[in-house]
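Trainee: Pasting a structure here, questions to come.
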Number of protein chains: 2
Amino acid sequence: MNIAKTLKPKDQLKPKPADENNLGFGRIFTDHMLLMDYQTGKGWHNPRVEPYGPFTLDPAAMIFHYGQEVFEGLKAYRGEGGHVYMFRPAANIERMNRSCDRLCIPALPNEVVLEAMYELIRVEQDWIPRAEGTSLYVRPTIIATEACLGVKTSATYLFYIITGPVGAYYAEGFNPVRIWVEEKYVRAAIGGTGEAKTSGNYASSLKAATEAHEKGFTQVLWLNACDRQSIEEVGTMNIFFKIAGEVITSPLDGSILPGVTRDSVLALCRHWGMNVSERQLTIDDIIAAAKAGTLEEAFGTGTAAVISPVGSIHFKGQDYQVADGQTGALSLKLYDEITGIQLGKKPDPFGWVVKVA
Amino acid sequence: MNIAKTLKPKDQLKPKPADENNLGFGRIFTDHMLLMDYQTGKGWHNPRVEPYGPFTLDPAAMIFHYGQEVFEGLKAYRGEGGHVYMFRPAANIERMNRSCDRLCIPALPNEVVLEAMYELIRVEQDWIPRAEGTSLYVRPTIIATEACLGVKTSATYLFYIITGPVGAYYAEGFNPVRIWVEEKYVRAAIGGTGEAKTSGNYASSLKAATEAHEKGFTQVLWLNACDRQSIEEVGTMNIFFKIAGEVITSPLDGSILPGVTRDSVLALCRHWGMNVSERQLTIDDIIAAAKAGTLEEAFGTGTAAVISPVGSIHFKGQDYQVADGQTGALSLKLYDEITGIQLGKKPDPFGWVVKVA
């Protein structure tokens, strides 16, 4: 498919952010976006780069009522040699297609989407910030657009990508966060949409996050919806623990998101010859390890924050410190290694990095 | 709050549907809609009736990414004496506020919303169809509109109501439907958003519904996410069983929607002196009753279909007939009674009906 481009005149481009150290996250958007339409009988068609601007949607558009939606999050980096890099972009688009399948959204043409995404990033490459820890955040999204109030799959969809320069996802930056073990609310159950990247999972997480923030915690630790014991995720990230030398994360059982950063951390730790397990841990296991002094580290993994070290875990009225409340050595090593690979500054033994421009 | 009105000139109104017996559901919308805005620090403000028309939203609007959304479904009827009636509208707006609480959306001013809704319906009353089984469907909705890609509660929201003339929700009309007992997918878990009327619950239901349709079933029967035995809902409705004279529906345990029609059916059956229980049934209980010949009736309840009789239940490769595949006497009596009350044609012992115009 040919990707049509309608670009803004140079003299109408928005000013770039003056201070790259105060970009925040998800508030600044670039000059252009990518759009592609779907219609039953016609398939995905008309990928095009256009000036960033508002959508015009009928109030009955199904996205406003029945939540048929999927999205992804990736980053583009200004790295070694001034080139533009992306990190495992095909993995995100493959996951987006798995999310589409769960949400009954027609499969995307992966190769077209990747090429169109690269094209958008090339158009917007002057927006990629250069300060340490910054990047261009890339948000592919699909929304159901048919105007109909029956619960059914939509006959039309809009695929789009918007991008924007971002700094650290958490205001705390790379500092260890306090997490709250959530016992009342659940994020997802097996058989539900937990392994898909879809809006409903995030909507359902807001209440627990809000109550945790009010109590002074940055994130919640989600437990399995049924046994209320098994560890699932932390906030909007996957979670890892290092206990007595073993690096452990929850298995992909159907209710947790198969994170690209999660997969990269597993690959790196195995590459380094560490003892790595994808196995179910319970909150009781974690507390027992904390009490025994074998809970060496805990950290969240995700595209937005890369690695987010956990400083303490709050469970049933008690705080359990992790790594003396500091950033653990493995957390730091993984952060340095992954961001080094992302920027083209470190060897890339797995072929994760794509040079876009 | 004063409700501002901007009405279309009479000569620009859309033509009304020519055939009231083929309205379908959710495809025709009237000339006007109600809008009201929320902004942190300012609260809900500016309720207004305006011509029906598209929304203009930033591609980063949070509704497109994080699903912070709630909605309701009500109907207005052209009933006895040519008056316009609504059925328990305050119950829907109260439930909407409970949904708001779960989704971290600021509470609505109920009285303002009710008055604004009545005002919209008065403006659109010529759209209310008169054919049997038809009504004006009323869809209040709230969407998160802040343009921000961080997972958080939105700082701005749009509340709106759109309306449209509708016929029977199911193409089958009041004929008994075949239902599929869903063992793979789940709708919601306790601690999740199952008791809120929010888009994510509907998005997660599409896959099971699609697969059931492909196998020739109209609806799926949802089981509890954890024990995979307890009955929850059917499709997008609550479900009732009549077993050996006892009318039984699932208790409001936190994962099922507290339906207004469900509540009305309970009240009527109690009023009629029937043996009524809100208690947990398992699918094994249902199958055992079917085999024993004591499963007298089963029916779904909801605003869209009112009463939807179940003709057969498919579980583990076998079909179990209910009420000989016919519409049961109680299903029929409830449908007649509720629609009679809704139209102002039957006595209203509970004060459910509001005369709007």
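Trainee: Tell me the trypsin sites (Lys or Arg not before Pro) within segment A:23-65 that lie in a loop according to DSSP and have at most 11 other beta-carbon atoms within 10 Å. It would help to have the intermediate numbers written out before the result.
Mentor: On the way: sites: A:ARG27, A:LYS42, A:ARG48; in loops: A:ARG27, A:LYS42.
In loop regions of segment A:23-65 (DSSP not H, G, I, E or B), the sparsely surrounded trypsin sites (Lys or Arg not before Pro) are A:LYS42.
Trainee: Given label points at 7 Å from Cα along Cα→Cβ, what nm distances, shortest first, separate A:ASN110 from the same residue in every other copy?
Mentor: 5.2
Trainee: Right, here's the next one. Lysines within cross-link reach of A:LYS10: Cα-Cα under 30 Å, excluding same-chain residues under 8 positions apart?
Mentor: Counting by Cα, and skipping residues close in sequence, A:LYS10 has these lysines nearby: A:LYS75, A:LYS355.
Trainee: Given the pairs A:LYS152/B:LYS207; B:LYS16/B:LYS346; A:LYS16/A:LYS346; A:LYS14/B:LYS42; B:LYS215/B:LYS291, which are separated by over 19 angstrom at their Cα positions? Write down the numbers at each step before the final one.
Mentor: Details: A:LYS152/B:LYS207 10 Å; B:LYS16/B:LYS346 29 Å; A:LYS16/A:LYS346 29 Å; A:LYS14/B:LYS42 30 Å; B:LYS215/B:LYS291 23 Å.
Those over the limit are B:LYS16/B:LYS346; A:LYS16/A:LYS346; A:LYS14/B:LYS42; B:LYS215/B:LYS291.
Trainee: With only Lys, Arg, Asp and Glu charged, each at its Cβ (+1 for the first two, -1 for the last two), find how big the charge dipole of the protein assembly as shown is about the Cα centre; round to the nearest 20 debye.
Mentor: Dipole about the Cα centre, nearest 20: 920 debye.
Trainee: Could you tell me the center-to-center distance, by alpha carbons, between segment A:13-60 and segment A:250-269 in angstrom?
Mentor: Answer, in whole Å: 29.
Trainee: Tell me the angle of helix B:89-102 to the major Cα principal axis of chain B, expressed in degrees between 0 and 90 and rounded to the nearest ten.
Mentor: For helix B:89-102, the angle is close to 90 degrees.
Trainee: To the nearest 10 square angstrom, what accessible area does B:GLU124 show with a 1.4 Å probe?
Mentor: Approximately 10 Å² of B:GLU124 is accessible to the 1.4 Å probe.
Trainee: Label-point separation (nm) for A:ALA107 and B:ASN46, each offset 7 Å from Cα along Cα-to-Cβ?
Mentor: Placing both labels 7 Å along Cα→Cβ, they lie 4.6 nm apart.
Trainee: Another one. Give me the summed buried accessible area for the A-B pair, 1.4 Å probe, to the nearest 100 Å².
Mentor: On the way: alone 15370 and 15360 Å², together 25810 Å².
Buried area (both sides, nearest 100 Å²): 4900 Å².
Trainee: Quick one: grab the alpha carbon gyration tensor of segment A:62-101, order the square roots of its eigenvalues as a ≥ b ≥ c, and give me rounded if a/c is under 1.5, else prolate or oblate depending on whether a/b is larger than b/c.
Mentor: Verdict is oblate for segment A:62-101.
Trainee: Also, I was wondering about something else. Quick one: of the DSSP bridges fully inside segment A:75-219, what percent are antiparallel, nearest 5?
Mentor: On the way: 15 of 16 bridges.
Of the beta bridges lying entirely in segment A:75-219, close to 95 percent run antiparallel.
Trainee: For segment B:291-357, what are Rg and Dmax over the alpha carbons, in angstrom?
Mentor: According to the Cα coordinates of segment B:291-357, Rg and Dmax are 15.5, 51 Å.
Trainee: Same structure again: At a 1.4 Å probe, what is the % contribution of carbon and sulfur to the accessible area of chain A?
Mentor: Percent of accessible area from carbon and sulfur atoms in chain A: 48.
Trainee: How many Å² of accessible area per residue for the protein assembly as shown, probe 1.4 Å? Before the final figure, lay out the partial values.
Mentor: Values: 25810 Å² over 714 residues.
Here the per-residue accessible area is 36 Å².
Trainee: Restricting to the protein assembly as shown, what percent of DSSP beta bridges are antiparallel, rounded to 5?
Mentor: Bridges in the protein assembly as shown are about 80 percent antiparallel.
Trainee: Hey, can you rank A:135-145, A:150-160 by average C-beta count inside 10 Å, highest first?
Mentor: On the way: A:135-145: 25.0, A:150-160: 20.4.
Top of the packing list down: A:135-145, A:150-160.
Trainee: Could you name every residue in segment B:53-77 that has 50 Å² or more less accessible surface in the full protein assembly than in its own chain alone (probe 1.4 Å, ligands and nucleic acids excluded)?
Mentor: With the partner chains in place, segment B:53-77 has these residues losing at least 50 Å²: B:PHE55, B:PRO59, B:PHE64, B:HIS65, B:TYR66.
Trainee: Counting C-alpha atoms alone, how compact is segment B:109-231: give Rg to one decimal and Dmax as a whole number, in angstrom.
Mentor: In order Rg, Dmax, the Cα atoms of segment B:109-231 give 18.7, 49 Å.
Trainee: Between rounded, prolate and oblate, where does segment B:212-288 land on the alpha carbon gyration tensor, with a ≥ b ≥ c its root eigenvalues, rounded for a/c under 1.5, else prolate if a/b exceeds b/c? All intermediate terms of the calculation are to be shown ahead of the outcome.
Mentor: Values: a/c = 1.64, a/b = 1.54, b/c = 1.07.
Prolate, because a/c is 1.5 or more and a/b exceeds b/c.
Trainee: If a cysteine in chain B has no other Cys Cβ under 4.7 Å from its own Cβ, put it on the list, ordered by number.
Mentor: So, B:CYS100, B:CYS104, B:CYS148, B:CYS269.
Trainee: From the Cα trace of segment A:48-123, what convex hull volume per residue do you get, rounded to a whole Å³? Don't skip to the end; give the middle numbers.
Mentor: Values: hull volume 8.8 nm³, N = 76.
Residue-normalised Cα hull volume stands at 115 Å³.
Trainee: What nm distances, shortest first, do you get from the label point of B:VAL354 to those in the other copies when the point sits 7 angstrom along Cα to Cβ?
Mentor: Computed spacing set for this position: 5.3 nm.
Trainee: Consider all pairwise Cα distances in the protein assembly as shown and report the whole-number % of them above 39 Å. Working shown, then result.
Mentor: Details: 94830 of 254541 pairs.
Here the tail beyond 39 Å accounts for 37 percent of pairs.
Trainee: If eta is 1.002 mPa s and T is 20 °C, what Stokes-Einstein diffusion coefficient results for chain A, Kirkwood Rh from Cα pairs, in µm²/s? It would help to have the intermediate numbers written out before the result.
Mentor: Details: Rh = 21.3 Å.
In µm²/s, the coefficient is 100.
Trainee: Per 10 Å bin, what percent of the C-alpha pairs of segment A:4-166 does each bin hold, from zero upward?
Mentor: With 10 Å bins starting at 0, P(r) equals 10, 37, 34, 16, 3, 0.
Trainee: Still on this structure, please answer the following. Okay, helix-only estimate at 222 nm for chain A: each DSSP H run of n ≥ 4 adds -39500 (n - 2.57), divide by all residues, round to 500 deg cm²/dmol; what do you get? Write down the numbers at each step before the final one.
Mentor: Details: 7 runs with 84 residues, N = 357.
Rounded to the nearest 500, the figure is -7500 deg cm²/dmol.
Trainee: Is the C-alpha gyration tensor of segment A:170-262 telling us rounded, prolate or oblate? Criteria: a/c under 1.5 is rounded; beyond that, a/b larger than b/c is prolate, otherwise oblate. Walk me through the intermediate numbers first.
Mentor: Details: a/c = 1.43, a/b = 1.05, b/c = 1.36.
It comes out rounded by the Cα gyration axes.
Trainee: If you wrap a convex hull around the Cα atoms of segment A:177-341, how much volume per residue is inside, in Å³? Display every interim value, and only then the final one.
Mentor: Values: hull volume 16.9 nm³, N = 165.
Output value, Cα hull per residue: 102 Å³.
Trainee: Rounded to the nearest 10 degrees, what's the angle between the helix A:283-292 long axis and the longest principal axis of chain A, both from Cα atoms, 0 to 90?
Mentor: Helix A:283-292 and the main axis of chain A meet at about 50 degrees.
Trainee: Related question: For chain A, give the share of DSSP beta bridges that are antiparallel, in percent and rounded to the nearest 5; count only bridges with both residues there.
Mentor: On the way: 58 of 71 bridges.
Here the share of antiparallel DSSP bridges comes out near 80 percent.
Trainee: Compute the angle between helix B:110-123 and the longest alpha-carbon principal axis of chain B, please, reported from 0 to 90 degrees and rounded to the nearest 10.
Mentor: It works out to around 80 degrees.
The values are calculated or read from the model by the stated rules, or taken from the named source; none is laboratory data. Treat the numbers as computed from the prediction; the structure is a model and nothing was measured. Positions of Cβ are generated from backbone atoms using ideal geometry, with glycine treated the same way; all protein chains shown enter the neighbour counts. We work out accessible area using only protein heavy atoms, side chains counted, and drop any ligands, DNA or RNA first. Shrake-Rupley method; radii C 1.70, N 1.55, O 1.52, S 1.80 Å.
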